[in-house]
Amino acid sequence: MSEPHRPVETARKGLMLVLSSPSGAGKTTISRRLLEADDNLVMSISVTTRPKRPGEVDGVDYHFIDPVSFNLMVNRQELLEHAKVFDHYYGTPKGPVFDYLAQGRDVLFDIDWQGTQQLAQGARDDVASVFILPPSMAELRRRLERRAQDSAAVVAKRMSKAAEEISHWAEYDYIVVNDDSDRCLEDIYAVLRAERIRRQRQTGLLDFVKMLREGR
Ligand code: 5GP
């Protein structure tokens, strides 16, 4: 699944690859595998007021912060987008994202539909959004129960929230059904590769084509 060798590299603007899905549809695993497969892709690490789950690491999975600090970040306009999801607040710190994009790196976001709308409002041309659908609601429930990090009450709440999240599928650029995680990963990687070669993102093309036309 590696990128073919490119003998010619032209300057490129980074893109924002957004993945959304109801929780349990496999987004976390797919994100991890995409990041492992591609050196130019980096994860946007969100801030959240939700408590840390067992196994989660502060600064890796999220920056876990208290509601007062979260509000401060909102008021100082330090977040690119933010939303309330299941009783807790989540947001994307602006600074690291802008730094990565300026370096020509692509940034992966695991955010909900509210955040995706806000990103698209701010920078539509820089966003490629993918919605991951579960193969069935029964399978989604199985995956949530298997994860077993959350209590039965939380699983029930996440199931009822799933239908709401899914209702926003049509706002996304690409839709994949996660019935086979390898296939799903291939499809999302294909999206990333195609989005990278969009003409308007290849800021170095003008000079490159000028050079070609000069016979160099
Ligand atoms: P979880 O609590 O399971 O990690 O995430 C719950 C939901 O919040 C997921 O759908 C996830 O995509 C979303 N989420 C995580 N970080 C952010 C963020 O920074 N902004 C927004 N809008 N949603 C987020």
Item checked: Selection status of residue 55, of a type in the set (Gly, Ala, Ser), more than 8 Å from the ligand (Cβ to nearest atom), within 20 Å of residue 29 (Cα to Cα) and in contact (Cβ under 8 Å) with a residue 60 or more places away in the chain -> yes
Next item on the list: Mind telling me which of the residues 28, 92 ends up being within 10 Å of the ligand (Cβ to nearest atom), of a type in the set (Ser, Thr, Tyr) and open to solvent by less than 40 Å² (accessible area, probe 1.4 Å)?
Entry: 92
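Table: residues versus (1) within 15 Å of the ligand (Cβ to nearest atom); (2) of a type in the set (Gly, Ala, Ser).
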{"position": "122", "(1), (2)": "yes, yes"}
{"position": "130", "(1), (2)": "yes, no"}
{"position": "133", "(1), (2)": "yes, no"}
{"position": "142", "(1), (2)": "no, no"}
{"position": "153", "(1), (2)": "yes, yes"}
{"position": "159", "(1), (2)": "yes, no"}
{"position": "165", "(1), (2)": "yes, no"}
Check: Which condition number in (1) at pLDDT 95 or above; (2) surrounded by 13 or more Cβ atoms within 10 Å (Cβ to Cβ); (3) away from the ligand (no atom under 13 Å from the Cβ) is the one that residue 80 fails?
Finding: (3)
Margin query: Could you tell me how many of the residues in the range 164-197 are in contact (Cβ under 8 Å) with a residue 40 or more places away in the chain and not polar (S, T, N, Q)?
Written below: 21
Notebook entry, point to check: What number of residues within the range 183-197 are more than 16 Å from the chain's Cα centre (by Cα) and modelled with pLDDT of 95 or more?
Noted result: 2
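The values are calculated or read from the model by the stated rules, or taken from the named source; none is laboratory data. This one's a predicted model, so the numbers in the text were calculated from it and none came from an experiment. Glycine gets a Cβ as well: all are built from the backbone with ideal geometry, and neighbour counts include every protein chain shown. Surface accessibility is based on the protein's heavy atoms, side chains included, excluding ligands, DNA and RNA. Shrake-Rupley method; radii C 1.70, N 1.55, O 1.52, S 1.80 Å.
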